[in-house]
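Enquirer: One structure coming up, written as structure tokens, with questions to follow.
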Amino acid sequence: MRNAVNEKEKTEARVKKDIALFEENFSKIERVRDPEDAKTIELAKAYCEDAKFYLEKGDLFTAFGCINYAHGLLDAVRMRKESAGENRREQRSSEKIKS
């Protein structure tokens, strides 16, 4: 029985840590111009709020799933922005070569 309580405490601590990490990453987001990215970021924030709700209700499984999905959505926006930046750099480089 003690082992089950210990696992629940560890899982709860992990969910809380993931929520804090999400909020830290979310606070670092700069102004988003792309409407699709803005929608994705708002959805990520909603999933974080869902994680908090389920954590409060004691549903650690669902809370864990929600916060990880929120992280994934932020990662997708970050990766898209990085890819767009790389594409712009490549385009400028090829324009310089043509000149």
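Each value in this text was obtained by applying a stated rule to the coordinates, not by laboratory testing. Just so you know, these numbers come straight off a predicted model, no measurement behind them. Heads up, the Cβs are rebuilt from the backbone with ideal geometry, glycines too, and the neighbour counts pull from every protein chain shown.
Enquirer: Tally Lys/Arg at +1 and Asp/Glu at -1 over every other residue whose Cβ is under 13 Å from the Cβ of Ala76; what's the total?
Expert: Computed value for this residue: -1.
Enquirer: Next question, about the same structure. Students often check this: by mean Cβ neighbours within 10 Å, which of 18-28, 65-75, 46-56 ranks highest, and how do the rest follow?
Expert: 65-75, 46-56, 18-28
Enquirer: Tell me, what HN-Hα J-couplings in whole Hz come from the Karplus equation 6.51 cos²θ - 1.76 cosθ + 1.60 at θ = phi - 60° for each residue of segment 28-45, using x for Gly and Pro?
Expert: 8, 5, 7, 3, 9, 8, 6, x, 5, 5, 4, 5, 5, 5, 5, 5, 4, 4
Enquirer: Can I ask one more? List, in order, the whole-Hz ³J(HN,Hα) value for each residue of segment 64-81 obtained from phi through the Karplus relation with A = 6.51, B = -1.76, C = 1.60 and θ = phi - 60°; use x for Gly and Pro.
Expert: Using θ = phi - 60°, the values come out as 4, x, 5, 5, 6, 5, 4, 4, x, 5, 5, 4, 4, 5, 4, 5, 5, 5 Hz.
Enquirer: Which one, Ile29, Ala70, Val15, is farthest towards the positive end of the dipole of segment 1-70 when Lys and Arg carry +1 and Asp and Glu -1 on their Cβ?
Expert: Of Ile29, Ala70, Val15, it is Val15.
Enquirer: Please tell me which of these pairs span more than 23 angstrom C-alpha to C-alpha: Lys28/Lys81; Lys8/Lys28; Lys16/Lys45; Lys45/Lys81; Lys52/Lys81; Lys10/Lys39?
Expert: Lys8/Lys28; Lys52/Lys81; Lys10/Lys39
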